[in-house]
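J.: Sharing a structure below in structure tokens format, with a few things to ask.
The values are calculated or read from the model by the stated rules, or taken from the named source; none is laboratory data. What you see is a predicted model; the values in this text were computed from it and never measured. Here the Cβ is made from the backbone with ideal geometry for all residues, glycine too, and neighbour counts use every protein chain on show. Ligands, DNA and RNA are excluded from the accessible area calculation, which covers all protein heavy atoms including side chains. Shrake-Rupley method; radii C 1.70, N 1.55, O 1.52, S 1.80 Å.
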Amino acid sequence: QVQLVESGGGLVQAGGSLRLSCAASGIFFSIDSMAWYRQAPGGEQRELLASITSGGSINYADSVKGRCTISRDNAKNMVYLQMNSLKPEDAAVYYCNAIVKPTRNYGPYHYWGQGTQVTVSS
């Protein structure tokens, strides 16, 4: 079983910064890509913000490009999202996602964290 636990959310003023962290734990063979998503209040779908592979290849959504930086510590099975110049429209629940192979011959499968709330005051 793989568990993802996010932290670092909270209330911040517009223009401020937050750093989200996500720790993966459990028994697994490998973690391929890790990513951050968000779901706005009333939103039906989660928006992919940034992803990073185990080899370090990174992609960003246009909505956060230039304001956010994703990074990863493979040794600690952690992924981070540094968010700068936050706007009220960035308010959402932010979710960590990992694509994990539980064993060498199974998967990969998607796993999700429980989410962390980010609130941006204007």
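J.: Residue check, R38 against (1) surrounded by 20 or more Cβ atoms within 10 Å (Cβ to Cβ); (2) under 24 Å from A75 (Cβ atoms); (3) of a type outside the set (F, W, Y), all met but one. Which one?
T.: Answer for R38: the failing condition is (2).
J.: Looking at the range 106-113, is at least one residue within 15 Å of L20 (Cα to Cα) and either in a strand (DSSP E or B) or touching a Gly at 6+ places or on another chain (Cβ under 8 Å) (or both)? Don't jump to the end; show me each part of the working.
T.: Within the range 106-113, the first condition is being within 15 Å of L20 (Cα to Cα), and the residues that meet it are 112-113.
Pick out the ones that are also either in a strand (DSSP E or B) or touching a Gly at 6+ places or on another chain (Cβ under 8 Å) (or both) and you get 112.
Looking for residues that are within 15 Å of L20 (Cα to Cα) and either in a strand (DSSP E or B) or touching a Gly at 6+ places or on another chain (Cβ under 8 Å) (or both), one finds at least one in the range 106-113, hence yes.
J.: Quick one: count up the residues across the range 2-18 that are within 11 Å of the chain's Cα centre (by Cα) and open to solvent by less than 30 Å² (accessible area, probe 1.4 Å).
T.: 2
J.: Keeping to the range 83-118, report how many residues are polar (S, T, N, Q), surrounded by 15 or more Cβ atoms within 10 Å (Cβ to Cβ) and farther than 14 Å from L48 by Cβ.
T.: 1
J.: Quick one: S25 ticks every box in (1) of a type outside the set (A, V, I, L, M, F, W, C); (2) in contact with a Leu (Cβ under 7 Å, 6 or more places away or on another chain); (3) farther than 30 Å from S122 by Cα except a single one, so which number is it?
T.: With respect to (1) of a type outside the set (A, V, I, L, M, F, W, C); (2) in contact with a Leu (Cβ under 7 Å, 6 or more places away or on another chain); (3) farther than 30 Å from S122 by Cα, S25 is out only on (2).
J.: Still on this structure: Could you list, in sequence order, the residues of the range 19-35 that are under 14 Å from D73 (Cα atoms) and surrounded by 13 or more Cβ atoms within 10 Å (Cβ to Cβ)? Full working, then the answer.
T.: Of the residues in the range 19-35, the ones under 14 Å from D73 (Cα atoms) are 20-25, 30-35.
If the condition is that a residue be under 14 Å from D73 (Cα atoms) and surrounded by 13 or more Cβ atoms within 10 Å (Cβ to Cβ), then L20, S21, C22, A23, A24, S30, I31, D32, S33, M34, A35 are the ones that fit.
J.: Can you tell which of P108, P41 is at pLDDT below 95 and not small (G, A, S)?
T.: P41
J.: When residues of the range 45-82 are filtered for being open to solvent by less than 60 Å² (accessible area, probe 1.4 Å), outside any strand (DSSP E or B) and aliphatic (A, V, I, L, M), how many remain?
T.: The qualifying residues number 2.
J.: Among the numbered criteria (1) touching an Asp or Glu at 6+ places or on another chain (Cβ under 9 Å); (2) under 13 Å from V118 (Cβ atoms), which single criterion is violated by P41?
T.: Among (1) touching an Asp or Glu at 6+ places or on another chain (Cβ under 9 Å); (2) under 13 Å from V118 (Cβ atoms), P41 violates only (1).
J.: Given the structure, is S21 among the small types (G, A, S), out of contact with any helix residue (DSSP H, G or I) (no Cβ under 6 Å at 6 or more places or on another chain), at pLDDT 95 or above and part of a loop (DSSP other than H, G, I, E, B)?
T.: In short, no.
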